[in-house]
Amino acid sequence: MKTKLLFTIFLTGIFTFQLLATPGVPISKKHYTKEEAITKIKEIRKNTKFNIEANKQFEKIIENASCNFGSIVYYTELSIAIGYHTELFISIADIASKSKNGIKYIDEIAELAGMKLAETGGLVDLAKQASRAATTDEIKKVEDEIVKLQSTAEFKTIQEAISKAESDRENK
C-alpha cells in the first residue's frame, strides 16, 4: 500500500514537471517578425519534452517562411497544446509559410485541426484552396466548407479542445 502511494506521488511529480515544462497554452495569434518567430519556436522546442522531431519541422518551416510568422508560431503552440494531429499542423504551417492571401481562413482551418478528432483528411487540401482563393466565389467556397466542418467538430472552439487535451493529460 505504501509503495503504491509513493509510486502515485512520484508519477504525479513527473507529470507536474512535464506540464510546467510545456509552453503556455496559446490564447491568440500574435504578430511576430521572422526573427522573433524563429526565436519563439526554438524556445518552444527547448522547453517541450515531447514532439521534438515535429518541433524541428516547425523550426525548419519558420526559417524558410516568407510570411505569416505569427500564424506559424500559433500552429506550433496549438500542436503542443492539443497533442494530436501534429503532422496536420505541420502541413498547414508549411502552406501558411508560402501564402500571401487567405491566411484568415488558414488560421481557422488550423483550429479545426484541433477541434475535430476525425475526418481531418481534407483539411490540408482546404488550406491549399484557402491560400489560393482570390475570387469571391473561391473565398465563399472556402468559407462554406469551414462552416460545414465546424458544425461537425467534436469541440465547438479551439479553447474547448485545448481544455479537453489538458484534462486528458492530467488524468493520465
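The values are calculated or read from the model by the stated rules, or taken from the named source; none is laboratory data. No experiment lies behind these values; they were computed from the predicted model shown. No Cβ is skipped: glycine too gets one built from the backbone with ideal geometry, and neighbour counts run over all protein chains shown. Just so you know, the surface numbers come from the protein's heavy atoms only, side chains and all, with ligands and any DNA or RNA stripped out. Shrake-Rupley method; radii C 1.70, N 1.55, O 1.52, S 1.80 Å.
Within region 115-124, the residues that satisfy the criterion of being under 16 Å from the mean Cα position of the chain (by Cα) and either of a type outside the set (A, V, I, L, M, F, W, C) or buried (at least 20 other Cβ atoms within 10 Å of the Cβ) (or both) are M115, K116, T120, G121, L123.
So in region 31-68, with the set limited to residues that are among the aromatic types (F, W, Y) and at pLDDT below 95, which one is farthest from E111 (Cα to Cα)? My answer is F50.
For every residue, the table says whether it meets (1) surrounded by fewer than 14 Cβ atoms within 10 Å (Cβ to Cβ); (2) assigned to a helix (DSSP H, G or I); (3) in contact with a Ser or Thr (Cβ under 9 Å, 6 or more places away or on another chain).
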site	(1), (2), (3)
Y105	no, yes, yes
L126	no, yes, no
E138	no, yes, no
A161	no, yes, no
S167	yes, yes, no
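Before we move on, is V142 out of contact with any strand residue (DSSP E or B) (no Cβ under 9 Å at 6 or more places or on another chain), farther than 12 Å from G114 by Cβ and exposed (fewer than 11 other Cβ atoms within 10 Å of the Cβ)? Here the answer is no, as V142 does not meet what is asked.
Answer yes or no: is there a residue in region 55-75 that is under 12 Å from the mean Cα position of the chain (by Cα), among the hydrophobic types (A, V, I, L, M, F, W, C), open to solvent by less than 20 Å² (accessible area, probe 1.4 Å) and over 21 Å from G102 (Cα atoms). No, because not a single residue in region 55-75 is under 12 Å from the mean Cα position of the chain (by Cα), among the hydrophobic types (A, V, I, L, M, F, W, C), open to solvent by less than 20 Å² (accessible area, probe 1.4 Å) and over 21 Å from G102 (Cα atoms).
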